[in-house]
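Notes to accompany the following structure.
The values are calculated or read from the model by the stated rules, or taken from the named source; none is laboratory data. All values reported here derive from a predicted model rather than from experimental measurement. Positions of Cβ are generated from backbone atoms using ideal geometry, with glycine treated the same way; all protein chains shown enter the neighbour counts. Remember, those area values only see protein heavy atoms, side chains included, never the ligands or the DNA or RNA. Shrake-Rupley method; radii C 1.70, N 1.55, O 1.52, S 1.80 Å.
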Amino acid sequence: MKFQELITSFTSQAEAMGARVIPAARPGEIGPKLVEVLRPLGSKIALVDSPLVKTAGVEAALAGAGFNVDKDGPEFARQADTGIVEFEYGIAETGTLAMDATDLKTRLAAMLPLTCVALLPAERVRANLTEVIDAYLERGPWPGYFTLVTGPSRTADIERSLTIGVHGPERLFIILVGENGGDSRGR
Amino acid sequence: MAGKEFKQRIHRALNNDSLRGALGRFADSYIVSREQVYAGRDFAALRERIAAIKSDAAGHYEELADRFTRAVEARGGKVFRAGDAAAAREYIYQVAKEHGVTDIVKSKSFASEEIHLNEFLQERGINPYETDLAEWILQLMPGERPSHMVMPAIHLPKEEVARVFSRYLGEPVEPDIKNMVRIARRELRKKFLTAGMGISGANIAVAETGTIVLCTNEGNARLTTTVPPVHVAIVGYEKLVPSIKDIVPILEALPRSGTAQPITSYVTMITGPVPAWRGEGEGIKELHVVLLDNGRTRMAADPVFKEALQCIRCASCTNVCPVFQLVSGQVYGYIYNGGIGSVLTAFFNSLEDAVDPQSLCIGCRRCAEVCPAKINIPDLVLKLRERVVTKQGLSSGYRIALHGIVAKPKLMHTLLRAASRLQGPVTHGQPLIRHLPLFFSNLTSGRSLPAIAKEPLRDRVKRLEARTGRPRLKAAFYSGCVIDFAYPEIGEAVYKVLGREGVQVTFPQGQACCGAPAVYAGDRETAVKLAKQNITALEEARADVVVTACPTCAVALKKDFPELLAGEPAWEERARALAKKVKDFTELVHELTGGQGKKVKQAKKSGSRAVKVTYHDSCHFKRHLGLDQVARQVLKEQPGVELVEMQESDRCCGFGGSYSIKYPEISAPILERKLKNITESGAEVVAADCPGCVLQLRGGLDQKGSSIKVKHTAEVLAALENLQGGGNSK
Ligand code: SF4
Ligand code: SF4
């Protein structure tokens, strides 16, 4: 699949599964986009550091806009409104995010708050699960805690009525970072 | 006969409107959404892969368990191999005790239910909290049974859930689903953050890496395995697969078959202990994997039932099961539901516990069509039935009917002839067939039964066997009991149509019941006897083909006979030779007419309008013989016939031979739905290729006073003019 096809498929699948994909052309755009979408959703942020988070200056952008950014401690992510985590791969076929989440903070930030923001470099989108598994097998020992996330947490346990946000996030934003990042409508 | 308590459960389920409504609505939409989610995918290839992986694994559990153990231990985790439920419970309890655990959060696990872990822990002062929303709701409702394997609380209306939550919180809760989900999040979050241990199951376990794979939509398994400092995973041996790549096809099928989703919201793969918050600071979690045997290795060593270990617990077999849809998992009981559930129960619990659940299967084979692990569920159920009979013997009614009558064809035929003389004039709703092997009692709710023919087919054939000069083909007609004694006119139609095509048809008088009633009752002994008698009789005919117009008989002749006689080489060979000659009537007509029909010759002869005919797919005809399209083609080519499709044409009619006698309360609503679909099709005639279906449908339409006529395909082909006249009562 060509790059653009991967991005288009990833985006449309992820949105079909209830995530919102927000393209950011450059890392520098991440901060302002975050400020914009997170403003109405509470000020407490649990942020997990990563190279991309650093280069993009996410922490400074959020703090500058008045958010309360938490990065550590025993209460990390427990009371946060939003968790921000960088994922390692996207899967075009199902609109899925993948990462080695062995690091505890990564997991807590992605699981506990009502809103989860996933940062994903666009060039990390792969066609299917097999390609992603291959990528990890090449890297070395299989990760301790490997996770695939597709859309927000959901249940249909009461009268089969689809309800989002049970135990995990009820909102999943995917910031797709890269020159060619774009949504299914080619924006 | 089913136990009294079991019958009561059926009765309660059938009378529970919200249960039936919810399951019915789900099942209807499931069929459509499953199709959609598999669109463009090669399901046949996918299930082959899964079946191959799982069946191979089932042949190597010991080796896989060793590899899995080594891999987990290499990472610092512990593996405990539990031989049975008691060992597993005790081990888990000891781990909890060692850590001074009082509260446990659990994500959905069949294995933990199978070993009755919750009760065990509670009795010892430890509180297990189910965190899957449906499981939690059921936990708050003592005595309530799960109704479905994947959606255990599907039967509860939101008002009921609101009452349960109100009781739990001690404050009024509105029946607003969104809000109730919030409440569950809030309440269970407290448990997640304070519990000393998390218990999960596993959807897959990878031997190569020591990985356990968990699929959830709610995200509770992630929290269960992340927040508490100790994680115990209960993993049945059947979850083991060799390598990490093997998870791909399973992950492709499980959510699609389960809930018609391309993937669950979360797929979590845990390999060894991982960091966790431990009291004072970040540390490494303690990981215990309990590998549960509890009957699984015994099953793997069983050449017949090993296949059931391929199951990936998607529940799609129950979603399409016409019986499950009516009675739900609350009736099957013992954790695992449906046909596959009865097989698993026989090994994980006991054969006795499986006796009633297995008897619910009507044998329609829909489940086998959709199973992503390619398990032949209905055949396994029959094998299980056979074992039940071997162990417990037949119930007295069956014994008299099968051993005393069916196994003695001469006696049976004499009795049938006598019965035809004794019976009074045909009256609506009057049970008239009492002695056909299919009828052991006279319950006939919702359906009239046909009279036993004054003159069975076997006595009429002398007049029918016209000598044609140089026949194209010599056929021996194997009529089966229903055509012989209830509907000889179907047999006459077969003679007429085949005669028209230049086939010389004979009727071997030594033929007897095909033995299907015995096979379906688990009575192998009678089935073997009948197989031999029929083989002898049909060999004597020296025909080119053996034609039958009953798909159940065709399956018996083609598939059951060689299997039944597998232990006796000489007989087996004869059975196989016979099996090769057997041909369904409609299939033969299709071949003889080369797909041309008689359209040209007869077309528009009378200039009369076309008759609207709808086609009912008989279960064995479609799913065993695979002739559903052949029949449609043959009918379409028949002049004067306009084929109109009904909804759900391949749904069972509810007959299932003696099933409709054993479980009339289940058979009746299945028939009801079929009749509704037939009526709504606007057809004047329903055609079917199975005399059993003809019997069931005629009976049902007759009771309704419907003018729609039911015809065997042979009758449609034999005499179109009769389609517009005549009634159903014959
Ligand atoms: S064969 Fe039919 S009745 Fe039996 S379990 Fe399968 S779907 Fe249900
Ligand atoms: S038997 Fe097949 S269809 Fe039924 S739960 Fe198992 S895998 Fe799914």
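Those residues that are facing chain B (nearest Cβ under 7 Å) and buried (at least 24 other Cβ atoms within 10 Å of the Cβ), I need them from region A:153-178; list them, please.
Scanning region A:153-178 gives A:Ser153, A:Arg154, A:Thr155, A:Asp157, A:Ile158, A:Val166, A:His167, A:Gly168.
Are there helices (runs of 4 or more DSSP H) fully within region B:83-161 with at least 2 residues that are under 27 Å from the mean Cα position of the chain (by Cα)? List them.
Fully inside region B:83-161 and qualifying: B:110-114, B:133-139.
At least 1 residues that are in contact (Cβ under 8 Å) with a residue 40 or more places away in the chain and within 14 Å of ligand 2 (Cβ to nearest atom) in each: list the helices (runs of 4 or more DSSP H) lying fully within region B:340-408 that qualify.
B:366-370, B:377-392
Any residue at all in region B:398-414 that's open to solvent by less than 10 Å² (accessible area, probe 1.4 Å), within 11 Å of ligand 1 (Cβ to nearest atom) and more than 14 Å from chain A (Cβ to nearest Cβ)?
No - not one qualifying residue is present in region B:398-414.
Is there a residue being open to solvent by 20 Å² or more (accessible area, probe 1.4 Å), within 14 Å of another protein chain (Cβ to nearest Cβ), under 22 Å from B:Thr69 (Cα atoms) and not hydroxyl-bearing (Ser, Thr, Tyr) anywhere in region B:286-294?
Scanning region B:286-294 turns up at least one residue that is open to solvent by 20 Å² or more (accessible area, probe 1.4 Å), within 14 Å of another protein chain (Cβ to nearest Cβ), under 22 Å from B:Thr69 (Cα atoms) and not hydroxyl-bearing (Ser, Thr, Tyr).
Considering every residue within region B:19-34, establish whether at least one is outside any helix (DSSP H, G or I) and assigned by TED's automatic domain parsing to the domain that holds B:Val248.
So the first thing to find is which residues in region B:19-34 are outside any helix (DSSP H, G or I), and the list is none.
No.
I'm trying to understand the selection: among the residues of region A:59-112, which are assigned to a strand (DSSP E or B) and open to solvent by 40 Å² or more (accessible area, probe 1.4 Å)?
Taking region A:59-112 first, the residues assigned to a strand (DSSP E or B) are A:68-70, A:82-86, A:89-91, A:96-100.
Selection gives A:Asn68, A:Asp70, A:Glu86, A:Asp100.
Could you tell me whether any residue of region B:276-283 is more than 16 Å from ligand 1 (Cβ to nearest atom), over 19 Å from B:Phe110 (Cα atoms) and in contact (Cβ under 8 Å) with a residue 60 or more places away in the chain?
no
In region A:60-76, is there at least one residue being in contact (Cβ under 8 Å) with a residue 40 or more places away in the chain and more than 13 Å from chain B (Cβ to nearest Cβ)?
no
In region B:694-706, what residues are touching a His at 6+ places or on another chain (Cβ under 9 Å) and open to solvent by 10 Å² or more (accessible area, probe 1.4 Å)?
Residues satisfying the conditions are B:Asp702, B:Gln703, B:Gly705.
Residue by residue, here is whether (1) among the basic types (Lys, Arg); (2) surrounded by 24 or more Cβ atoms within 10 Å (Cβ to Cβ); (3) at the interface with chain A (Cβ under 9 Å from one of its Cβ atoms) holds:
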{"site": "B:Gln139", "(1), (2), (3)": "no, no, no"}
{"site": "B:Val161", "(1), (2), (3)": "no, yes, yes"}
{"site": "B:Glu174", "(1), (2), (3)": "no, no, no"}
{"site": "B:Met197", "(1), (2), (3)": "no, yes, no"}
{"site": "B:Ala207", "(1), (2), (3)": "no, yes, no"}
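Quick one: which residue in B:Gln310, B:Gln330 is away from chain A (no Cβ under 14 Å), at pLDDT below 90 and away from ligand 1 (no atom under 13 Å from the Cβ)?
B:Gln330 is the lone residue from the list that is away from chain A (no Cβ under 14 Å), at pLDDT below 90 and away from ligand 1 (no atom under 13 Å from the Cβ).
Quick one: which helices (runs of 4 or more DSSP H) lie wholly within region B:491-604 and hold at least 1 residues that are open to solvent by 50 Å² or more (accessible area, probe 1.4 Å) and out of contact with any strand residue (DSSP E or B) (no Cβ under 9 Å at 6 or more places or on another chain)?
Answer list for region B:491-604: B:516-520, B:524-540, B:561-564, B:569-581, B:599-602.
Tell me which residues, restricted to region B:219-275, are surrounded by fewer than 24 Cβ atoms within 10 Å (Cβ to Cβ), more than 9 Å from chain A (Cβ to nearest Cβ) and without any contact (Cβ under 8 Å) to a residue 40 or more places away in the chain.
Selection gives B:Ser243 alone.
Against the definition (hydroxyl-bearing (Ser, Thr, Tyr), touching a strand residue (DSSP E or B) at 6+ places or on another chain (Cβ under 9 Å) and more than 15 Å from A:Ala46 (Cα to Cα)), how does A:Thr94 come out, yes or no?
Here the answer is yes, as A:Thr94 does meet what is asked.
With the requirement that a residue be in contact with a helix residue (DSSP H, G or I) (Cβ under 7 Å, 6 or more places away or on another chain) and either of a type in the set (Val, Ile, Thr) or away from ligand 1 (no atom under 16 Å from the Cβ) (or both), what does region B:356-391 give you?
B:Ile362, B:Val370, B:Ile375, B:Ile377, B:Val381, B:Arg387, B:Val388, B:Lys391, listed by residue number.
Starting from region B:182-193, keep only residues that are more than 16 Å from B:Val101 (Cβ to Cβ) and more than 8 Å from chain A (Cβ to nearest Cβ), then list their pairs with residues that are part of a helix (DSSP H, G or I) and open to solvent by 30 Å² or more (accessible area, probe 1.4 Å) whose Cβ atoms are within a distance under 7 Å, requiring at least 6 positions of separation or different chains.
none
Looking at the structure I just gave you, is B:Tyr336 in contact with a Ser or Thr (Cβ under 9 Å, 6 or more places away or on another chain), among the aromatic types (Phe, Trp, Tyr) and more than 16 Å from ligand 1 (Cβ to nearest atom)?
Values: in contact with a Ser or Thr (Cβ under 9 Å, 6 or more places away or on another chain): yes; among the aromatic types (Phe, Trp, Tyr): yes; more than 16 Å from ligand 1 (Cβ to nearest atom): no.
Judged against the criteria, B:Tyr336 is not a match.
Return the residue satisfying two criteria in turn: it lies in region B:303-316 and is closer than 17 Å to B:Gln358 by Cβ and open to solvent by 20 Å² or more (accessible area, probe 1.4 Å), and of such residues it is farthest from ligand 2 (Cβ to nearest atom). Give the derivation first.
Here is the first cut: in region B:303-316, the residues closer than 17 Å to B:Gln358 by Cβ are B:304-305, B:307-308, B:311.
Adding the requirement that they be open to solvent by 20 Å² or more (accessible area, probe 1.4 Å) leaves B:304, B:307.
Values: B:Val304: 15, B:Glu307: 10 Å.
The extreme case among them is B:Val304.
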